[in-house]
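Colleague: Next up is a structure, given as C-alpha cells.
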Amino acid sequence: MKYHNIPTLNKDLYESGDLDRTKKVDFAYWGASWKDDRDQVIYDLYDRKDISTTLVGGFLHLPETDDNHIFPWARDWRDLLPIVKSGRSTICFNWKDETATTSRYIESLACGIIPFVWCGDGFIYDKNNTYNIDDWQRISSVDEFVDKNNELRDADFLKFKLREYRKNYKKVLISKREYAEEFNNRMNEYVRS
C-alpha cells in the first residue's frame, strides 16, 4: 500500500510548501544500523568526497559535514519524506534470503528515488524478480554504485530511469482493491480458525 499512499502524501506536502522536489543528494538511506557488512557499504559511501549523503535512523554517531547529513529516526512518512525526497538513489539490502525483498524498494520508487539492490558474493537480491528489477539496478560494489549514481546527476536520465522502473514495478503491483480483498480474505481465515 505504500506505493499507493506515499504519492498522495507527496502531493499534500508539496502543495503545503513542506516539500522540495529538487534532487540535490546522491544517496539517501533510512533505517537501522546493523553492525555488519551493510553498514560498511553505507560508511564507505558516507566517507567518499565525490558523493553526498542523507542518512536517517541509526547513524547519529557519524559526524555531519557540508555534503553529509544525519537525521534521527523519522518513522512517520510525513516527517521522513521531506528529508529523503531530495535523494537521487538509495540501496536496498537483503542478505537473509535471495527470494526476499524489502519495503525500501517500493518506498523509494514512490518517493521518486532510484532503488539500487545490493548483490554480491553469489547472493542475488530478489532472485525470483518479484519486483521486476532491471539488471542496471543490481550493484555489487561501492564504486559501481558511484558510477551509476553519477549518471543519475543528469536530470533527464534520472527521470527516464524512474519512469522505467515505476513502469516495471506497476506490472507486478496489485491495486488498492486487490489489497483490500487480500486483507479481507486473510482476516476471514483468522476469524474462522
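Colleague: Would you please list the contacts, defined by Cβ atoms under 8 Å and residues six or more apart or on different chains, that run from a residue in the range 168-193 that is at pLDDT 85 or above to a residue that is assigned to a helix (DSSP H, G or I)?
Modeller: These pairs meet every condition: Tyr169/Tyr3; Tyr169/Ile106; Tyr169/Leu109; Leu173/Tyr3.
Colleague: Residues that are open to solvent by less than 10 Å² (accessible area, probe 1.4 Å): list the strands (runs of 3 or more DSSP E) wholly contained in the range 62-124 that include at least 2 such residues. Talk me through it step by step, then tell me what you get.
Modeller: Details: elements: 68-71, 87-92, 114-118.
In the range 62-124, 87-92, 114-118 are the strands (runs of 3 or more DSSP E) which contain 2 or more residues that are open to solvent by less than 10 Å² (accessible area, probe 1.4 Å).
Colleague: Going through Phe123, Phe93 one at a time, which residue ends up being aromatic (Phe, Trp, Tyr) and in contact with a strand residue (DSSP E or B) (Cβ under 6 Å, 6 or more places away or on another chain)? Spell out how you get there, then give the answer.
Modeller: Numbers: Phe123 fails: in contact with a strand residue (DSSP E or B) (Cβ under 6 Å, 6 or more places away or on another chain).
None of the other options fit; the residue is Phe93.
Rundown of residues vs (1) farther than 30 Å from Asp156 by Cβ; (2) touching a Ser or Thr at 6+ places or on another chain (Cβ under 6 Å), yes/no style:
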site	(1), (2)
Asp66	no, no
Cys92	no, yes
Ser108	no, yes
Asp121	yes, no
Lys127	yes, yes
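Colleague: So the check is Cβ under 6 Å with 6+ separation or different chains; which pairs have a first residue in the range 30-49 that's in contact (Cβ under 8 Å) with a residue 12 or more places away in the chain and open to solvent by 50 Å² or more (accessible area, probe 1.4 Å) and a second one that's of a type in the set (A, V, I, L, M, F, W, C) and in a helix (DSSP H, G or I)?
Modeller: Asp44/Val142
Listed here are the residues, each with its yes/no results for (1) outside any helix (DSSP H, G or I); (2) out of contact with any strand residue (DSSP E or B) (no Cβ under 8 Å at 6 or more places or on another chain); (3) loosely packed, with under 11 Cβ neighbours inside 10 Å.
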{"residue": "Phe157", "(1), (2), (3)": "no, yes, no"}
{"residue": "Lys161", "(1), (2), (3)": "no, no, no"}
{"residue": "Arg166", "(1), (2), (3)": "no, yes, no"}
{"residue": "Val172", "(1), (2), (3)": "yes, yes, yes"}
{"residue": "Arg177", "(1), (2), (3)": "no, yes, yes"}
{"residue": "Glu181", "(1), (2), (3)": "no, yes, no"}
{"residue": "Asn185", "(1), (2), (3)": "no, yes, yes"}
{"residue": "Tyr190", "(1), (2), (3)": "no, yes, yes"}
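Colleague: Another question about this same structure. Assess whether Lys148 counts as being in contact with an Asp or Glu (Cβ under 9 Å, 6 or more places away or on another chain), basic (Lys, Arg) and surrounded by fewer than 18 Cβ atoms within 10 Å (Cβ to Cβ).
Modeller: On the way: in contact with an Asp or Glu (Cβ under 9 Å, 6 or more places away or on another chain): no; basic (Lys, Arg): yes; surrounded by fewer than 18 Cβ atoms within 10 Å (Cβ to Cβ): yes.
No, not satisfied.
Colleague: Which of the following residues is of a type outside the set (A, V, I, L, M, F, W, C) and touching a helix residue (DSSP H, G or I) at 6+ places or on another chain (Cβ under 7 Å): Tyr169, Tyr190, Tyr125?
Modeller: Details: Tyr190 fails: touching a helix residue (DSSP H, G or I) at 6+ places or on another chain (Cβ under 7 Å); Tyr125 fails: touching a helix residue (DSSP H, G or I) at 6+ places or on another chain (Cβ under 7 Å).
Just one listed residue meets the conditions, Tyr169.
Colleague: Filter the range 124-166 down to the residues that are over 16 Å from the mean Cα position of the chain (by Cα), closer than 19 Å to Ile106 by Cβ and among the basic types (Lys, Arg) and list them by number.
Modeller: Lys127
Colleague: Would you mention how many residues in the range 22-79 are among the β-branched types (Val, Ile, Thr) and under 19 Å from Phe93 (Cα atoms)?
Modeller: Step one: of the range 22-79, the residues among the β-branched types (Val, Ile, Thr) are 22, 25, 41-42, 51, 53-54, 56, 65, 70.
Subset that is under 19 Å from Phe93 (Cα atoms): 41-42, 53-54, 56.
Total satisfying the criteria: 5.
Colleague: For Trp136, which of the numbered conditions (1) of a type in the set (Phe, Trp, Tyr); (2) touching a strand residue (DSSP E or B) at 6+ places or on another chain (Cβ under 7 Å); (3) over 18 Å from Gln40 (Cβ atoms) fails to hold?
Modeller: (2)
Colleague: Could you list, in sequence order, all residues of the range 160-193 that are charged (D, E, K, R) and more than 25 Å from Pro115 (Cβ to Cβ)?
Modeller: Taking the range 160-193 and keeping what is charged (D, E, K, R), we get 161, 163-164, 166-167, 170-171, 176-178, 181-182, 186, 189, 192.
Scanning the range 160-193 gives Arg177, Glu181, Arg186, Glu189, Arg192.
The values are calculated or read from the model by the stated rules, or taken from the named source; none is laboratory data. This structure is a prediction, so every number in the text was calculated from the model and none was measured. All Cβ positions, even for glycine, are placed from backbone atoms using ideal geometry, and neighbour counts span all protein chains on display. Protein only, heavy atoms only, side chains kept; ligands, DNA and RNA dropped before computing areas. Shrake-Rupley method; radii C 1.70, N 1.55, O 1.52, S 1.80 Å.
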